[in-house]
Amino acid sequence: MTELTADTVLSVTTDGMSEFIQRQAASRKLSRMVKTLNRDLIEGDETARDRAAAALRHLGFCD
């Protein structure tokens, strides 16, 4: 199983985000992906934190 990363999220166009979220939710990967991004945001190095924050914003979460 491929882990979804911040780079995966950031590669999705704004227009394609709704479909991406729907696909991840339907395949039960969305919560795991958000959990990973949150972990990177809290525990990651500076680069990982920045990428995770950007990915969460791109998904529509507030800072």
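The values are calculated or read from the model by the stated rules, or taken from the named source; none is laboratory data. Keep in mind that this is a model prediction, so the values were computed, not measured. Cβ coordinates were reconstructed from backbone atoms using ideal geometry, including for glycine residues, and neighbour counts include every protein chain displayed. Side chains included, ligands, DNA and RNA excluded: accessible areas come from the protein's heavy atoms. Shrake-Rupley method; radii C 1.70, N 1.55, O 1.52, S 1.80 Å.
Put simply, when 49-61, 21-33 are sorted by average Cβ atoms within 10 angstrom per residue, most first, you get 49-61, 21-33.
Full extension from ARG28 to THR13: what is 0.36 nm times the residue separation minus their Cα-Cα distance, to one decimal in nm? Spell out each step's value before the answer.
Numbers: separation 15, 0.36 × 15 = 5.40 nm, distance 2.10 nm.
Full extension from ARG28 to THR13 adds 3.3 nm.
Per residue, the chain exposes an accessible area of 71 Å² to a 1.4 Å probe, with every protein chain left in place.
Translational D (Stokes-Einstein, µm²/s) of the chain at 37 °C and 0.692 mPa s when Rh comes from the Kirkwood sum over C-alpha pairs?
For the chosen part, D equals 282 µm²/s.
Taking only protein heavy atoms and a 1.4 Å probe, the accessible area of the chain is 50% carbon and sulfur.
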